[in-house]
């Protein structure tokens, strides 16, 4: 988990958001051991405890992605990045 935290912190120093792919999420929250709703809850809690927001995307193929941003940036900044073609996600 420490590796993921450091990765996200580095990303957020350079950019307004950090995209974390399934393989990185899987190391901390194994899909086979945790139900989807509980996994999302744990990811949200992980982000909130560090002052971040997490936006979760579950694709039709079963792959999950998470976008982390500082709370101060909020969803509007993430939506601007998405509109610019930088990321694609849906907010749950």
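Some notes on this structure:
- Overall form of segment 2-83 per C-alpha gyration tensor (a/c, 1.5; a/b vs b/c): prolate
- Label sites at residue 10 and residue 38, each approximated as a point 7 angstrom past Cα along Cα to Cβ, lie 3.2 nm apart.
- Approximate spin-label separation residue 57-residue 22, in nm, with each point projected 7 Å along Cα-to-Cβ: 1.3 nm
Values quoted throughout were computed directly from the atomic coordinates according to the rules given, and no laboratory measurement underlies them. Note that the structure is predicted; figures quoted are calculated from it, not measured. No Cβ is skipped: glycine too gets one built from the backbone with ideal geometry, and neighbour counts run over all protein chains shown.
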